[in-house]
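Worksheet: the structure to be examined is printed underneath.
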Amino acid sequence: MASRPSSAQSRTAWVTSYGNDGIRDDPDLCSDSQVYPGGDKNRNASSAKSAQRGGCLAAIGRGLRSLWATRQTEETRTNRELYVKTTLRELVIYIVFLVVICVITFGMTSTTMYYYTKVMSDLFLDNEDDNKVTFRTMTRVEDFWSYMKGPLLDGLYWENWYNNQSLPADEMGFIYYENKLLGVPRLRQLRVHSNSCQVHDDFSDFIQQCYDAYSDTIEDTTTFGPGGSQYTAWVYKTENELGGSSHWGQLATYSGAGNVQNLGSNKSDSTDIVNSLYDNLWVRRGTRAVFIDFTVYNANINLFCVIRLLVEFPATGGVIPSWTLRTVKLIRYVTIGDYFVMACEVIFCIFILYYTVEEILEIKKHRLSYFKSFWNILDIMVIIIAVVCVAFNLYRTVEVGDKLKKLLENPDIFSDFERLSYWENRFCNAIAIATFLAWIKLHLFRIILGDFDFNQLETANRILGPVFFMLFVFFVFFVLINMFLAIINDTYSEVKSDMANQKNEFEIADYFKKGYQKMLDKLNFKRDKIVDIQKALQSADINQDKQLDFDEWRQDLKTRGYADGEIEAMFAKYDIDGDRVLDEEEQRRMQADLFEQKAALNKEYDELEGKRPGTGRRSSSRVSFDESGEESDDEDSGTKSSRTGRTSSGVSYEEFTVLSRRVDRMEHSIGSIVSKIDAVLVKLEAMEKAKLKRRETMGKILDSITESDGTSDEMKREQMEKLVREELERWDSETSMVATSARGGSPSSSSGLAIRARSRPDSGHHGGQEGKEVGPAGTDNSSTSTS
């Protein structure tokens, strides 16, 4: 048998090790060879059977494990292929489950239910009495009795065709000729006893009785009305006797007890009952609620409509009507479509069993950590709701069959479908909630976007609608709003800091300055054109014959940079006779036009000067014309001023970006150089410390040699030369290492070595004093080479 490992070692939901783990081998027990002759043979046979049996169990275990393998029961983190395969298998199974649960959910409802409910509500809620009062609009006790005698009895009993012909006996009891009235309607009244509240002493002499608002503790259970009456309306019955249940009204929650009266199976009997109740004051001051209950069934659409009309009589006086119409499908399996839904319900039960085993296996593996995931809790909720729905489905089938059996045996009794329809409605809500939870990611998105209707939610269910709306909106919107505010605040702070650290790229003043500059450039262009034409008129007549032909005109303007089209257009404008020559008259006309254009240009300059943005300073590019036709500037020139204006506006954003990048690169380069310099300084410092240490060591050695007694001067000199030679060799080795590492670097390395080599003394002719001088020199050269 498969054994489940401890939670600390388990990797899957099952293990397939079927050995002798945990079984102690006791040497005192007899072996097979000691008990049976040829024990080895028997033992081999038994071990072979055990292996075969273990292989079968292992195969079954692997099959079960693959059937319920999920990402939480398998080790899919390290095996990517297994992860993909398991995910796809889970997805396919879950899609099939969603399809099945949707078929069951929508198979229980249809648009016909809405129209059926609307027909019944129009008949019993909107029909007017003789006073033009409907059930919805009643406000007085008189309105209640008028409704009871008129629209209620007329709607319950249809005994004639639309042409007033009497219906046959087998077609009696059908509302709208199609909806069978099951049993007879029932009236139920709840009252409170007198003196259920206390009257103030000041009014005790005038007010003898006090009737409080309804409460089950102050119900009046006494018998009232005329004695010896044949009707049961005057006798109180308990909730257990009636088999009823409490009801939540507009003002209070009413119990299932009360004074009950069943109406008749035809209109005349029911009219007599209502008139008797009216004449004997069945509704009195202590009355707090009157229930009207009945059920109709339409065989054409296989739907029941359970109707409850409630009229509340508050302690303030008047009446408050309310109603409940539940259209339900209590007989589930009639048509082919119903049997298809039944098949889906069987598949749904299999899915519930499958997912129940799956969740149990995951809980066994992960223990309490399983409940840390929201989606795991959601799966458990779906399973629990589904199990409840399956149990109710079985209960409803049995209960409906029992009630219909009793009703067929005695059609003149009241058949109470109120509780059954209530739980049928709860069943529809439960299966809808299960479907909603299965599609939760898609359903909640519309409410997040604000697409909801609270009135429809409240109308659909007075309890679940507002509870769901408030909980969802509070939690989801609270989380989302905080998340959005965090994002907006963070982004706002970043943008604000960026704006504070950089200059505005474009301001209103810049806009007006640009517009002013464009207008100034246009005026300067016109001015230049007029000046060029005036100069051309003066200088183009080369032969001085007072006649300006086209070739002379074109040659002069061509040198000033004008195009042939502009030259031709200007010449043709004033060459009226078309002889390609401008005579004196035509030249004077041109001069007059040029002066007019100059006057208009001066006027435009004056207007532009008045609109110039700034501090009121006059424009430096103000242009005027003297009598000779030459322009003069207040300061320099318009072109120069415009260039100055454009230059003084600062650098562009692109130039600033380029400069910023260059500065960043320069800072990076300087940083690398500084780090290298720091590294060189650290090396130099280390070498300096080593040099000082060597000096101290050499000084101590030389002092010990010079101070030693019994040693000749020749021996001392030899010892000093030996020490100096060893020190020089050590410096040479260190310098060669530094030079090798710095090869290809600065040329100072080789020069330093050469200088040190030239400064080295001859060991055969120099004493210790020279050795002392050479040591520091050598050290300095090596330092220079390193740097």
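Yes/no per residue for (1) touching a Gly at 6+ places or on another chain (Cβ under 6 Å); (2) outside the structural domain of Leu190 (by TED's automatic domain parsing); (3) closer than 30 Å to Thr459 by Cβ:
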position	(1), (2), (3)
Thr223	no, no, no
Leu251	no, no, yes
Gly256	yes, no, yes
Arg285	no, no, no
*Of all the residues that make up the stretch 365-417, how many are aromatic (Phe, Trp, Tyr) and under 30 Å from Ile292 (Cβ atoms)?*
4
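Scan Gln165, Gln189, Gln198 and give me the residue that is among the polar types (S, T, N, Q) and under 25 Å from Arg136 (Cβ atoms).
On the way: Gln165 fails: under 25 Å from Arg136 (Cβ atoms); Gln198 fails: under 25 Å from Arg136 (Cβ atoms).
The conditions single out Gln189.
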*asked:* Here's a check for you: in the stretch 405-426, which residue that is of a type in the set (A, V, I, L, M, F, W, C) and without any contact (Cβ under 8 Å) to a residue 40 or more places away in the chain is surrounded by the fewest Cβ atoms within 10 Å (Cβ to Cβ)?
replied: Leu408
_Residue under question is Ala599, and the condition is that it be loosely packed, with under 12 Cβ neighbours inside 10 Å and hydrophobic (A, V, I, L, M, F, W, C); does it hold?_
yes
*Looking at Pro151, Pro168, which one is modelled with pLDDT of 90 or more and not acidic (Asp, Glu)?*
Pro151
*Pairs with Cβ under 8 Å, 6+ apart, first in the stretch 178-199 and assigned by TED's automatic domain parsing to the domain that holds Asp269, second of a type in the set (Lys, Arg) and part of a strand (DSSP E or B)*: Leu190/Arg288; Arg191/Arg288; Val192/Arg288
*Given the conditions (1) surrounded by 14 or more Cβ atoms within 10 Å (Cβ to Cβ); (2) within 27 Å of Asn259 (Cα to Cα), which single one is not true for Leu167?*
(2)
*Could you tell me which residue of the stretch 200-214 is farthest from Pro314 (Cα to Cα), considering only residues that are hydroxyl-bearing (Ser, Thr, Tyr) and in contact (Cβ under 8 Å) with a residue 12 or more places away in the chain?*
Tyr211
*Within the stretch 698-711, is there a residue that is among the charged types (D, E, K, R), in a helix (DSSP H, G or I) and at pLDDT 80 or above?*
no
*Per-region count, the stretch 183-211, residues under 15 Å from Arg288 (Cα atoms) and of a type in the set (A, V, I, L, M, F, W, C)*: 5
*the stretch 550-567, subset part of a helix (DSSP H, G or I) and in contact (Cβ under 8 Å) with a residue 12 or more places away in the chain, residue surrounded by the most Cβ atoms within 10 Å (Cβ to Cβ)*: Trp553
*Taking interchain pairs and intrachain pairs at least six residues apart, which have beta carbon atoms under 6 angstrom, with the first residue in the stretch 95-118 and within 15 Å of Phe340 (Cα to Cα) and the second in a helix (DSSP H, G or I) and of a type in the set (Ser, Thr, Tyr)?*
Ile101/Thr435; Thr105/Thr435
*Check on Ser369, within 22 Å of Thr134 (Cβ to Cβ), in a helix (DSSP H, G or I) and small (Gly, Ala, Ser)*: no
*What number of residues within the stretch 161-186 are in a loop (DSSP other than H, G, I, E, B), under 22 Å from Asp130 (Cα atoms) and in contact with a helix residue (DSSP H, G or I) (Cβ under 9 Å, 6 or more places away or on another chain)?*
1
*asked:* So, in the stretch 214-243, how many residues would count as being within 21 Å of Val311 (Cα to Cα), of a type outside the set (Ser, Thr, Tyr) and more than 58 Å from the chain's Cα centre (by Cα)?
replied: 5
*asked:* I need the strands (runs of 3 or more DSSP E) fully contained in the stretch 267-337, keeping only those with at least 3 residues that are surrounded by fewer than 20 Cβ atoms within 10 Å (Cβ to Cβ).
replied: 320-328
*When the stretch 209-230 is examined, which residues are found to be among the hydroxyl-bearing types (Ser, Thr, Tyr) and modelled with pLDDT of 90 or more?*
Tyr211, Tyr214, Ser215, Thr217, Thr221, Thr222, Thr223
*Go through the stretch 198-214 residue by residue and tally those that are surrounded by 14 or more Cβ atoms within 10 Å (Cβ to Cβ) and not hydrophobic (A, V, I, L, M, F, W, C).*
3
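Results for (1) modelled with pLDDT of 90 or more; (2) under 60 Å from the mean Cα position of the chain (by Cα), shown as yes or no for each residue.
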{"residue": "Phe203", "(1), (2)": "no, no"}
{"residue": "Ile207", "(1), (2)": "no, no"}
{"residue": "Gly249", "(1), (2)": "yes, yes"}
{"residue": "Tyr254", "(1), (2)": "yes, yes"}
{"residue": "Asp279", "(1), (2)": "yes, no"}
{"residue": "Arg285", "(1), (2)": "yes, yes"}
*When you scan the stretch 342-375, how many residues do you find that are without any contact (Cβ under 8 Å) to a residue 60 or more places away in the chain and acidic (Asp, Glu)?*
1
*Say whether the condition of being on the phi > 0 side of the Ramachandran plot, in contact (Cβ under 8 Å) with a residue 60 or more places away in the chain and buried (at least 17 other Cβ atoms within 10 Å of the Cβ) is met by at least one residue in the stretch 215-223.*
no
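The values are calculated or read from the model by the stated rules, or taken from the named source; none is laboratory data. Since we're looking at a predicted model, the values are computed, not measured. Glycine gets a Cβ as well: all are built from the backbone with ideal geometry, and neighbour counts include every protein chain shown.
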